[in-house]
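Nothing in this text is a laboratory measurement; each read-out follows from the coordinates by a stated rule. Worth saying up front: this structure is predicted, and the values here are computed from it rather than measured. FYI the Cβ positions are ideal-geometry reconstructions off the backbone, even for glycines, and counts take in every protein chain you see.
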Amino acid sequence: MARNTVNRYIWLVDTIDRYGHITLKRLSDLWQQSSLGDGVPLPRRTFNNYRNAIEEVLGVTIACNRSTYEYYIEQDNSEENERLQNWLMDSMSISGMLTDSRDVASRIVLETVPSARQHLPVIIEAMRRNQRITFSYKTYTRANGKHGVIVDPYFVKIFKQLWYVIGRNVKDQSIKTYALDRMSDLHVMEETFDMPKGFSPTEFFKDCFGITTNQNEPKNITLRVESTQAKYFRALPLHPSQTEEVHDNYSVFHYRMRLTYDLRERLLSHGSNVEVVSPPELKAQIVDELKRALKQYTP
């Protein structure tokens, strides 16, 4: 598909989403003023062709209110699809904005992250058909990688701008997480699998922060957070269970989560602005990590 065509799809979806409800006349005027329109209005026939393609390619439905003749983005009622659609809208909006900003490209600084373009489409296709995947995998903790790993791909998840596939390792008969940027020689197998009845990706990670999980029981977690840092916690909660008690110079945040590696890493990243009040085992883990870190700087 031509890049310019994709950019047109992105522009239409983003514009309609930002306006909420918009007439074709207003949409055509905005199109004419944009870099994609080249000063030419948007014909109704072209718009309808784009609508059909957007639904087929991107899975986004542009609906029409017949009483007002305004167009809008039709929302999916399921929580998972709504979350995916919102993420897709945000991604497309940013992509369209950057595409339209080539004249100031030297003044837009982007973060370099490992790409998932090579493996993500393959895994999604395997998920669609419930087919097993096989690949080689290089971990950061072992000198030698593993070859011929066979996994039933249950779902994919993004965390810290990295994509992961979570599924059942056929050999170990356990659910494991694999980072796409550490994969190589990925192939879809002819052999199929059955998704476990009632399995929910959201439920699987509901008590966790990040991409790591364990079988331990969730704990009641209490954090004391400096007042300025607390604003960041409000803007981007660590977990849906987050509640807050506001005091003069600090806030106390409460959670119900499992104690995982990703959680400890996030808490440590806040330095002295965050104190673990409870549970005792999490506090001990943080203290132990800080002591080991301090040793590196002690003569």
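Each residue of region 164-173 is assigned a 3J(HN,Hα), and the resulting list reads 10, 10, 10, x, 8, 6, 4, 5, 7, 6 Hz, derived from the Karplus form 6.51 cos²θ - 1.76 cosθ + 1.60 (θ = phi - 60°), x at Gly and Pro. Counting each pair of different Cα atoms once, what's the Kirkwood radius of region 149-275 in Å, rounded to one decimal? By the Kirkwood definition, the hydrodynamic radius is 16.8 Å.
Per residue, the average separation of C-alpha pairs within less than 8 Å and at least 6 apart gives region 161-212 a relative contact order of 26 percent. How high is the FRET efficiency between residue 292 and residue 170 when r is their beta carbon distance and R₀ equals 35 Å, given to the nearest 0.05? Efficiency, from the Cβ-Cβ distance: 0.40. In terms of overall dimensions, the C-alpha atoms belonging to region 120-204 reach 37, 30, 25 Å along their principal axes, ordered largest to smallest. Stokes-Einstein diffusion for the chain, with the hydrodynamic radius set to the Kirkwood value over Cα pairs and evaluated at 37 °C in a medium of 0.692 mPa s, equals 142 µm²/s.
Here region 37-57 and region 200-226 have alpha carbon centers that stand 44 Å from each other. Taking all Cα-Cα distances within region 219-295, those exceeding 22 Å account for 17%. Note on residue 49 and residue 33: the model spin-label points, each 7 Å out from Cα along the C-beta direction, lie 2.6 nm apart. Amide H contacts of residue 155: 166, each under 5 Å away and 5 or more positions distant or on a separate chain (H built 1.01 Å from N in the peptide plane; Pro and chain starts excluded).
Provide the FRET efficiency to the nearest 0.05 for the residue 265-residue 144 pair, computing r from the beta carbons and using R0 = 30 Å.
On the way: r = 26 Å, r/R0 = 0.85.
Computed FRET efficiency for residue 265 and residue 144 comes out at 0.70.
By how many degrees, 0 to 90 and rounded to 10, does the Cα axis of helix 120-129 deviate from the longest principal axis of the chain? Rounded to the nearest ten degrees, it is 80. For residue 176, the lysines whose Cα falls under 19 Å of its own Cα, not counting residues fewer than eight places away in the same chain, are 138, 146, 157, 160, 197, 206. Placing unit charges on the Cβ atoms of the charged side chains and taking the dipole of the chain about its Cα centre, the candidate lying farthest along the positive direction among 34, 230, 293 is 293.
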